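Colleague: Pasting a structure below so you can have a look.
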């Protein structure tokens, strides 16, 4: 497998940072849009997709601002981060996603995020 490269994508979200944040760090919130099910135990999040479990540790968090997860079965330098951005003048809210993927998988990974974020927007009613 080729080396993973960092990429960032941004989505406009019509929600308050406080409400959006609950969908980024709470297992129940994440289970509504990010994974089929999410369990939390001893600082480890277990994400379930199609019966497969993938574990991640929440390595960094700032309330109403961002969360950073590191997959336990991946190299330690790779993570995915979801950051809430709010324009100081307009108060518009965006969600910035930082992730890592091999260059040949960028488009596929971007489509996955596009789909998941569209689902999040529908759950938020935004």
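Read the figures in this text as sums done on the coordinates, not as results from a lab. Just so we're clear, the structure is a prediction, and the values are computed from it rather than from any experiment. Methodologically, a virtual Cβ is constructed for each residue, glycine included, from the backbone with ideal geometry; neighbour enumeration extends over all protein chains shown.
Colleague: By how many nm would the segment from residue 37 to residue 72 lengthen if fully extended, with 0.36 nm per residue of separation less the alpha-carbon distance?
Modeller: 10.9 nm
Colleague: Between the helical axis of 106-124 and the dominant principal axis of the chain, each derived from Cα atoms, what acute angle in degrees is found, rounded to the nearest 10?
Modeller: For 106-124 against the chain, the angle is about 40 degrees.
Colleague: OK, next. Between the range 1-53 and the range 73-117, how many Å separate their Cα centres?
Modeller: Using only Cα atoms, the two centres lie 10 Å from each other.
Colleague: Let me know the shape class of the range 1-90, please: from the alpha-carbon gyration tensor, a ≥ b ≥ c as square roots of the eigenvalues, rounded when a/c is under 1.5, otherwise prolate if a/b is greater than b/c, or oblate.
Modeller: Numbers: a/c = 1.89, a/b = 1.32, b/c = 1.43.
Oblate.
Colleague: When a footprinting reagent is the concern and you count Cβ atoms within 10 Å, what order do 54, 14 take, fewest first? Show your work: numbers first, answer last.
Modeller: Working: 54 14, 14 11.
Neighbour counts put them in this order, fewest first: 14, 54.
Colleague: Follow-up question, since we're still on this one. Could you tell me what % of all Cα pairs in the range 1-41 have separations over 16 Å?
Modeller: 55 percent
Colleague: What does the extension gain come out to for residue 86 and residue 18, with contour length at 0.36 nm per residue minus their alpha carbon separation?
Modeller: Answer, rounded to one decimal: 23.3 nm.
Colleague: Express in nm, to one decimal, how much length is gained between residue 106 and residue 8 on full extension, taking 0.36 nm for each residue of separation and deducting their alpha carbon distance.
Modeller: Residue separation times 0.36 nm, minus the Cα-Cα distance, leaves 34.2 nm.
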